[in-house]
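The values are calculated or read from the model by the stated rules, or taken from the named source; none is laboratory data. Only a predicted model underlies this, so the values are computations on that prediction, with no experimental measurement involved. Note that we place each Cβ from the backbone using ideal geometry, even for glycine, and neighbour counts take in every protein chain shown.
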């Protein structure tokens with residue numbers, strides 16, 4: 001495993017490879033923007049909203065990597081993402097005992113609407 005903290009090979013590689021330098025700077029700016037946006041969302045809304053948006057970010061990154069051809073689609077990854085989102089919903093009290101949390105009933109169109117999650 002390579003440790004980039006103090007690795008003497010990092011600086012020359014960045015200095016001589018423009019594509020690597022661009023990717024490195026893009027990553028730094030992206031992480032900085034994401035953290036600023038996350039703090040703003042948490043401040044204005046809630047940490048739960050931030051967690052949901054983080055899951056959406058994961059889905060978008062995965063979708064882009066599939067569209068660009070950086071990786072192949074695998075059903076197990078989709079299943080893992082669904083497990084992640086359902087677990088997050090249960091943890092954040094969005095899903096209770098197989099039905100939606102009553103405080104979230106504003107998302108339902110009418111009383112007979114289909115529940116998003118049903119566990120038997």
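When residue 11 is tested against (1) in contact with a helix residue (DSSP H, G or I) (Cβ under 9 Å, 6 or more places away or on another chain); (2) at pLDDT below 80, exactly one condition is not met: (1). Could you please give the count of residues in the stretch 14-33 that are at pLDDT below 85 and surrounded by 12 or more Cβ atoms within 10 Å (Cβ to Cβ)? Going through the stretch 14-33 one residue at a time, the tally reaches 1. Scanning the stretch 40-58 for residues that are closer than 19 Å to residue 90 by Cα and either touching a residue at least 12 places away in the same chain (Cβ under 8 Å) or touching a strand residue (DSSP E or B) at 6+ places or on another chain (Cβ under 7 Å) (or both) yields 48, 50, 51, 52, 53, 54, 55, 58.
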